[in-house]
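These notes concern the structure reproduced below.
The values are calculated or read from the model by the stated rules, or taken from the named source; none is laboratory data. Note that this is a predicted model, so its numbers are computed, not measured. FYI the Cβ positions are ideal-geometry reconstructions off the backbone, even for glycines, and counts take in every protein chain you see.
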């Protein structure tokens, strides 16, 4: 399902979330916010979404706002799951100010999430975790780099999504005939 973390992705993400303040940007119904706080043990989760919602068990702080209306937010961890496909500069500003950026989404097999500028920004950060899976890919990016790094398959697919034919998961990840 869209926006779900697999067991492997949860295990890989836990060290980068545990004990830290996390902003869930575009939190939807708050399900991932609750996982970040409960299972992955974030110290605090603030869930941002343009639509109001009541998080499970009420332990997540909810902010109802558009990203353009959020001022001077520099989160410790910025978590973005299945971001919108247009250039959302309010979101980009928040992500650029974050110490760590977590992306969960998919730009292969006919799916399209996130704008190419998002992936260009990720290339300017240290790659801490990359867990590609056919349903969702997890990227955890850390400190800023002096030069862009080599893109992952998901980043290549995201950058090129509006150019030419969309990539399959196997093509993006460099698998031969669809097999790892």
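Going through 92, 111, 119 one at a time, which residue ends up being closer than 22 Å to residue 32 by Cβ, modelled with pLDDT under 95 and within 13 Å of the chain's Cα centre (by Cα)? If you could, list the steps in order and put the result at the bottom.
Numbers: 111 fails: within 13 Å of the chain's Cα centre (by Cα); 119 fails: modelled with pLDDT under 95.
Just one listed residue meets the conditions, 92.
Can you run down the residue pairs with Cβ atoms below 7 Å, 6 or more apart or on separate chains, where the first is in the stretch 144-155 and more than 14 Å from residue 168 (Cα to Cα) and the partner is assigned to a helix (DSSP H, G or I)?
Listed pairs, sorted by first residue: 151/159.
When residue 167 is evaluated against the numbered criteria (1) under 12 Å from the mean Cα position of the chain (by Cα); (2) modelled with pLDDT under 95, which criterion, by number, is the only one it fails?
(1)
Is there a residue being touching a helix residue (DSSP H, G or I) at 6+ places or on another chain (Cβ under 9 Å), surrounded by 21 or more Cβ atoms within 10 Å (Cβ to Cβ) and farther than 20 Å from residue 80 by Cα anywhere in the stretch 161-172?
yes
Give just the number: which of (1) closer than 24 Å to residue 135 by Cα; (2) in contact with a strand residue (DSSP E or B) (Cβ under 9 Å, 6 or more places away or on another chain); (3) modelled with pLDDT of 90 or more does residue 7 not satisfy?
Answer for residue 7: the failing condition is (2).
Taking the stretch 123-167 on its own, how many of its residues are within 18 Å of residue 5 (Cβ to Cβ) and part of a helix (DSSP H, G or I)?
Here the count works out to 1.
What is the one condition in (1) crowded, with 17+ Cβ neighbours inside 10 Å; (2) within 22 Å of residue 22 (Cβ to Cβ); (3) in contact (Cβ under 8 Å) with a residue 60 or more places away in the chain; (4) over 13 Å from the mean Cα position of the chain (by Cα) that residue 125 does not satisfy?
Every condition holds for residue 125 apart from (3).
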